2 protein chains.
Amino acid sequence: MSTPHRVKVSLPEANSRGYEVLVGSGLFASLATALSRFCPAHRYAVVTDDRVAELYAVRLSRMLHSAGHRTDVFAFTSGEAQKTRETWSLVSDAMMESGCGRDTAVIAFGGGVPGDLGGFVAATYMRGLPLVQVPTTLLAMIDASVGGKTGVDTPAGKNLVGAFHQPQCVLIDPEMLQTLPDAHLRSGMAEAVKHGAIADAEYLDWIEDNVESLLAADPQALSRLIMRSVEIKAEIVASDVMECGPRKLLNFGHTIGHAVETLSGYALLHGEAVAVGMVEEARIGERAGVTAAGTSARLRRVLTRLGLPTSLPIDFGADAVVQHTRLDKKARAGRVEYSLIQDFGRPFIGPAGVWGHPVADETVAEVLAGVGSRG
Amino acid sequence: MSTPHRVKVSLPEANSRGYEVLVGSGLFASLATALSRFCPAHRYAVVTDDRVAELYAVRLSRMLHSAGHRTDVFAFTSGEAQKTRETWSLVSDAMMESGCGRDTAVIAFGGGVPGDLGGFVAATYMRGLPLVQVPTTLLAMIDASVGGKTGVDTPAGKNLVGAFHQPQCVLIDPEMLQTLPDAHLRSGMAEAVKHGAIADAEYLDWIEDNVESLLAADPQALSRLIMRSVEIKAEIVASDVMECGPRKLLNFGHTIGHAVETLSGYALLHGEAVAVGMVEEARIGERAGVTAAGTSARLRRVLTRLGLPTSLPIDFGADAVVQHTRLDKKARAGRVEYSLIQDFGRPFIGPAGVWGHPVADETVAEVLAGVGSRG
């Protein structure tokens, strides 16, 4: 294994500890050493899904056992539909049955679902256990693993129940992406595009210049993508742990995106829904006069080249989407706030330094319904 | 209303905010003002049980509405048996149905169950809402409302799932104790005795000297008891938010106490179980040579005068109790740690500054079974 790249996540508000995100090809093979160093514990509870378990559980258990780490694997059925309070209860109960105490650390191992759900188990088991995130999808590597967000879905919507719970460390091995289905690789790239859009125009250029290598899962290109995205997310999170200010930026594309994802019954992957959401929210921003003309067209071009969708599925009613945005956690005082950009790398900040721009439902509905105006 | 007494709870570790515990006769009547000052929010979700709701909900809603606070009451069936993940889910879902967003604050209103469960709803609803604790039982006032512990029970034991979530403020009106059943008043006093035992021998003397006025629910005596207990707990919590050091002291009587409470099927009130637990743990400490001789006898005398039980129910097997302590959150590395005192007001601190004393199961079983040795 080459020496991993390290990104420090500082947490000035929640506490002074902070943690490191390690990115390195082949890092998975030295997981046991990393655990001893960054998260020593009496025993480890690996929370994962059955698909990831099938690929990696035997190897993982063998590695940890041979390093002397007592390890149990708790695997649930894979899929966003399982990211529920019921699965969270089952995993917690199984850990209690096997006698996991406060001296246990949780390893959330897999994509976004094991990451969020395993994180929420760690956040709430005996009021909190140490947590290590080992993401195995691109989306989880560059998005879900940094920021400390954990949680599960409820019938009313995504991530409506959860907690902030920072990991002791995040271990990312880009080689694990070699087994990731194409659609999931593309889905993860949508969040990378978002990072470029909100914080770093040059990064967005770089992504566009490297579409071919990225889609071919070239290890070097993917490593660079992961590192830059993790850096951007870590910088934003460090400035705003509790999500009251700049962190709202990360919601770009997500207000419409979440609505679209839920309305699709999760037939659309998260990144696919966010791709649609970014284009639509750029159009909303253009209509509201805060986003530079041409922003949505550029986003559509990059996302299309990455094989991502850029407009609402044809059978989606604009009204249904609007209705759904009102349930969003970002709805405050009865209005829905959008995180918009002025231009690439330049977030919109409203009067009095307010992050987030309230947009009237009618405007959103008009933009969403305005098929004729699309480029 | 007289000016309330204020106890500041400082939180050096978790964050720099801290909060105030207000204790004042008649304080409930000025709840609306206190909310505006300490926890302004777009709307309020009152989480309570049906018994408390019956006594206070109409008055509470009227007060808040007339102050312009949008308020909804979410009441569940009363009783420890309802402190479950299922009730937590139902309350969260009901809040979602009524459209509560991140601009909502939760008021946990009632005894320990609404306090813990309402707190856990606040800790996890959309990853955390502001929380105000308004305890209505003596136990909740002096114990549950300070420290930020929230959570629910699972089939495996009490409080096994939860989170630390500090309130914006705690509002205590001792007049509310006038409607509290005697057994619950006595149960609360067990925790006050614990505060004296672990931290302030003079306070323990004062309690013993004032047993009659306390049992008669004399408002002045109760106010003084609440304030001193809140002060003691606040000092301990402030020094150790995450419960790694001195806060373990507060577990005195609780390792055996929790086991006894669970084994009784919650027929014993929490304070009753803790009363038994303190006497037994003092005996364990005496046997282990860390607790001064006569400590358990003195505790038994005070607790008996307060009308609290001081020995295991006759049909409880010592082995069953020991078995249950192994499930305790304080079990580490396979051994059960007890929080013991050397003498009243003098906690036991082990070698290398370790708080907590591991005791062999056999010793505990011998002490618990040793009926002949009881005074």
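Restricting attention to the range A:33-48, the residues that are surrounded by fewer than 20 Cβ atoms within 10 Å (Cβ to Cβ) and among the aromatic types (Phe, Trp, Tyr) total 1. Restricting B:365, B:333, B:288, B:282 to residues that are surrounded by fewer than 16 Cβ atoms within 10 Å (Cβ to Cβ) and either within 14 Å of chain A (Cβ to nearest Cβ) or modelled with pLDDT of 90 or more (or both) narrows the list to B:333.
Residue count for the range B:30-66 under the criterion of being closer than 25 Å to residue B:180 by Cα, in contact (Cβ under 8 Å) with a residue 60 or more places away in the chain and either within 14 Å of chain A (Cβ to nearest Cβ) or aliphatic (A, V, I, L, M) (or both): the result is 8. Within the range A:148-162, the set of residues being buried (at least 22 other Cβ atoms within 10 Å of the Cβ) and of a type in the set (Gly, Ala, Ser) comprises A:148, A:151, A:162. State which residue is farthest from the other protein chains (Cβ to nearest Cβ) when the search covers only the range B:146-179 and only residues that are assigned to a strand (DSSP E or B) and at pLDDT below 90. Per the criteria, the residue is B:158.
Set side by side, the residues A:190, A:183, A:197, A:217 differ, and just one is touching a strand residue (DSSP E or B) at 6+ places or on another chain (Cβ under 8 Å) and touching a residue at least 24 places away in the same chain (Cβ under 8 Å), which is A:197. Of all the residues that make up the range A:311-330, how many are over 14 Å from residue A:367 (Cβ atoms) and either crowded, with 18+ Cβ neighbours inside 10 Å or modelled with pLDDT of 95 or more (or both)? The total comes to 5. Under the condition of being modelled with pLDDT of 85 or more and loosely packed, with under 11 Cβ neighbours inside 10 Å, the residues counted in the range B:351-362 number 1.
Right, residue B:212: touching a residue at least 12 places away in the same chain (Cβ under 8 Å) and either over 22 Å from residue A:102 (Cα atoms) or basic (Lys, Arg) (or both) or not? Here the answer is no, as residue B:212 does not meet what is asked. Scanning the range A:69-97 for residues that are within 14 Å of chain B (Cβ to nearest Cβ), without any contact (Cβ under 8 Å) to a residue 40 or more places away in the chain and more than 12 Å from residue A:46 (Cβ to Cβ) turns up A:86, A:89, A:90, A:92, A:93, A:96, A:97.
Filtered by the rule that a residue be part of a helix (DSSP H, G or I), surrounded by 23 or more Cβ atoms within 10 Å (Cβ to Cβ) and not hydrophobic (A, V, I, L, M, F, W, C), the range B:249-279 gives B:251, B:254, B:255, B:257, B:258, B:261, B:270, B:271, B:272, B:277.
The values are calculated or read from the model by the stated rules, or taken from the named source; none is laboratory data. It should be emphasised that the depicted structure is a prediction, and the values quoted were computed from it without experimental measurement. Cβ: placed from backbone, ideal geometry, glycine included. Neighbour counts: every protein chain shown.
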